[in-house]
Amino acid sequence: MLSQIKELAQELAPRLIEIRRHLHSHPELSGQEHQTAAYVAGVLSSCGLHVQERIGKTGLIGELIGGTDDRLVALRTDMDALPITEQTCLDFASHQPGVMHACGHDVHTTVGLGTAMILSQLGETFPGNTRFLFQPAEEIAQGANWIVKDGGMKDVSAIFGLHVFPSIPAGSIGIRYGALTAAADDLEIVIMGESGHGARPHQAIDAIWIAAQVITTLQQAISRTQNPLHPMVLTIGQISGGRAPNIIADQVRLVGTVRSLHPQTYAGLPDWIEKIVANVCNAYGARYHINYQRGVPSVQNDLALTQLLEAAAKEAWGSDRVSIIPEASMGAEDFSVYLQHAPGSMFRLGVGFQNKLNYPLHHPLFAVDESAIVTGVVTLAYAIYKYWHQDC
């Protein structure tokens, strides 16, 4: 069956590149993927899949109907682009000013479509249904929740996902056991002091100076109160406050992001942060308000499904083209939302050029080696085939 899958993928390769280039030329921002979804729906329908549109607002589902097995395997790919002006000068560069597929979601969508095309052409009825989730709004970490809310994970027994990676050469696959990405939460801290004359700070409560103490204490406390084997990152990315150079600020707003990998660390972060902020503010007579918003949890790859992915990739491409990723990323990925409803695994698809400078994700010059599309399609199609032909 592997040889048939690879043969079909090579036959489809020109069409898949055409699809990817169309998607790349017509990017749409998070929550605005109307034309992308319509295009994807047309391709899925032409393959005989049952299509449900407007799932997760601007997302959709394609389902390959199988037998009566209670299991249902899903593949998630995301569709949204970024507010970046493309500078690649490619013939198929973005036609939308200020919008670009700089994170490879055009490749993800193409791989999802290619996998659906191949599985629908194998001439085999799988024991159960295979569901293809085409998700909007990954870049704002909202789309997965939208899909789940609309029933996209109903009855799902296992789910797979992928993400392109320019530091891995095209034709290769990166497999990660355990944590792949970090949990990402949003943090807002408002420090409230008392205004006064800039020449007489002892008669006021300086919110700017206290905010500086809060930031410094939080950063120092990470190294002395958090387990160094459980990585976390706290970044304050915005500071606003003050009215004039000669007036003591009575209020300062700090906004940032909090990243963590270990579930125990993740669970305790809100209380840990509040305790530190409270201690600093109490010491200097200030008040505070904290708004801690949970974002997305860490992607924790399921052992059995990751083993299946690794086996499928090695059988398809050889062990020398499959590497085990040694470290998790502190970046976030809302694929983790699906893993709260079913076990799953996400892998890294290499898209790097062999003898050319590879720009990172979210860069205006980001580009991919399109030969990676076939690598991704074959890997996923064969992994899903194997899922249906062995217990997971």
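The values are calculated or read from the model by the stated rules, or taken from the named source; none is laboratory data. Computed from a predicted model, the values in this text were never measured in an experiment. Counting neighbours? That spans all protein chains shown, and the Cβs are built from the backbone with ideal geometry, glycine included. Ligands, DNA and RNA are excluded from the accessible area calculation, which covers all protein heavy atoms including side chains. Shrake-Rupley method; radii C 1.70, N 1.55, O 1.52, S 1.80 Å.
Side notes on the structure shown:
- Phi-based couplings in Hz for region 344-357 (Karplus 6.51, -1.76, 1.60; Gly and Pro marked x): x, 8, 10, 10, 9, 9, x, 10, x, 7, 6, 10, 8, 5
- The radius of gyration of the Cα set in region 182-294, together with its Dmax, comes out at 14.9, 48 angstrom.
- Pairs of alpha carbons in region 55-138 whose separation is greater than 22 Å (percent): 39
- Using alpha-carbon coordinates, inclination of helix 2-25 to the longest axis of the chain, degrees: 50
- Each residue was assigned an accessible area with a 1.4 Å probe, and for Tyr385 the value is about 40 Å².
- Whole-angstrom gap from region 319-392 to region 126-180, using each part's C-alpha centre: 10
- Between helix 105-121 and the chain there is an angle of about 30 degrees, using the helix long axis and the longest principal axis of the Cα atoms.
- Compactness relative to 2.2 N^0.38 Å, alpha carbon Rg of the chain: 1.12
- Helix 303-317 axis versus longest C-alpha principal axis of the chain: approximately 50°, rounded to the nearest ten.
- Accessible area per residue was computed with a 1.4 Å probe on protein heavy atoms; Arg21 scores about 100 Å².
- With the alpha-carbon atoms of region 1-118 aligned to their principal axes, the span from lowest to highest coordinate is 48, 33, 21 Å, starting with the largest.
- Positive-end extreme of charge dipole, the chain - chosen from Gly196, Gln142, Gly171 (charges on Cβ): Gly196
- Charge sum, other residues only, whose C-beta stays under 14 Å from Ala313's C-beta, Lys/Arg counted +1 and Asp/Glu -1: +3
- Taking 28 Å as the straight-line reach from the Cα of Lys386, the lysines in range (excluding those fewer than 8 positions away in the same chain) are Lys6, Lys154, Lys314.
- Packing-based order for 178-191, 122-135, using average beta carbon neighbours within 10 Å, highest first: 178-191, 122-135
- Ranked by how many other beta carbons lie within 10 Å on average, peptides 30-38, 112-120 from highest: 112-120, 30-38
- On region 182-294, 51 percent of the accessible area sits on carbon and sulfur atoms, based on a 1.4 Å probe.
- Within the chain, antiparallel bridges make up roughly 65 percent of the DSSP beta bridges whose residues both belong there.
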